[in-house]
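Comments concern the structure below.
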Amino acid sequence: MGYIKSAALEETGYVVLDRYNQELDPKEWLDIEFVDWKSSGETRFAPLASKEGEIECNGFWHGQNPRTDKDGVWIPSQVEKAPNLTRRAQEPGANVGRCRVIELQPTDYADCLYNLHQDDNNRLNPDGTGWVVRGFFNLTDDKESYFVLRENRTDPSIEHRIALPAGAQLIVDTQRLWHATTHNSETARYCLITSWESGPELDAYIAKYNGKARVPNVEVSQDILDAGQAEQARRIAERAAYYAAKGKAEVTAMSEA
Ligand SMILES: [Fe+2]
């Protein structure tokens, strides 16, 4: 039968929506509670919706009542402090799984390439239902930062680099595309990440905000691109050698974040 997917994401695996006027909203991400949770760099997360409505970040397939990344439970103490973020996550009217704010410390392009990963949003997702994708709403004004998306982890020939000013909004099939962020800054980046179920509600939302499957790539000098690619190859080889020396296969499970 297969999953219900958005036609809008078919070509590139992502869409960029119209920019949101972030400056009008209070900085709610400074008020909510964060927990240490490592994912692709130095990170913490503040969940607004989680598996059981607790302030924790585990995948929904863990523990009792395992399920895919849908039917997230809103956390009253967090929602109370972040009504605008909650409203924005709920605006599409699509089923929401995990919803949280990520805090990411500065990380350069080479780190980003090494941190590229695919998500595991659709584990336990019943056939015939909507494919889970992720919305990314950038909250801080990260003028020098960009999201990196690749079809293949180590192949630079398809690389989308998407700017992350305040109010940038994109939706990504993060189980298809390898992704991570280059955060060139002195301070932390904050971004609201929401798991949504694909379907007519999400399609209508993408159409309403003029989702574009292609935007101009953020320009990065060829020297930085080449050095990042070389460093990624070096670190992957180093890690493979480490596991080979221990006589173990490298574990390459998909990220749970
Ligand atoms: Fe991810």
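Numbers at a glance
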item: Contacts under 8 angstrom Cβ, first residue in the range 207-218 being buried (at least 16 other Cβ atoms within 10 Å of the Cβ) and basic (K, R), partner assigned to a loop (DSSP other than H, G, I, E, B) and modelled with pLDDT of 95 or more, 6 or more apart; result: none
item: Complete set of residues in the range 30-45 that are under 17 Å from F137 (Cβ atoms) and in contact with a helix residue (DSSP H, G or I) (Cβ under 7 Å, 6 or more places away or on another chain); result: D31, I32
item: Candidates Q175, Q169, filtered to the one that is under 19 Å from C99 (Cα atoms), touching a residue at least 40 places away in the same chain (Cβ under 8 Å) and within 16 Å of the ligand (Cβ to nearest atom); result: Q175
item: Segments classed as helices (runs of 4 or more DSSP H), wholly inside the range 48-163, with at least 2 members that are within 15 Å of the ligand (Cβ to nearest atom) and closer than 30 Å to A230 by Cα; result: 109-115
item: Where a residue in the range 2-18 is outside any strand (DSSP E or B) and its partner, wherever it lies, is crowded, with 22+ Cβ neighbours inside 10 Å and of a type in the set (D, E, K, R), with Cβ under 7 Å and at least six apart; result: L9/D173; G13/D173
item: Sole exception among (1) in a helix (DSSP H, G or I); (2) within 16 Å of the ligand (Cβ to nearest atom); (3) among the β-branched types (V, I, T) for I236, by number; result: (2)
item: Selected residue (criterion: nearest to G41 (Cα to Cα)) from residues of the range 165-195 that are touching a helix residue (DSSP H, G or I) at 6+ places or on another chain (Cβ under 8 Å) and among the small types (G, A, S); result: A180
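The values are calculated or read from the model by the stated rules, or taken from the named source; none is laboratory data. Computed from a predicted model, the values in this text were never measured in an experiment. FYI the Cβ positions are ideal-geometry reconstructions off the backbone, even for glycines, and counts take in every protein chain you see.
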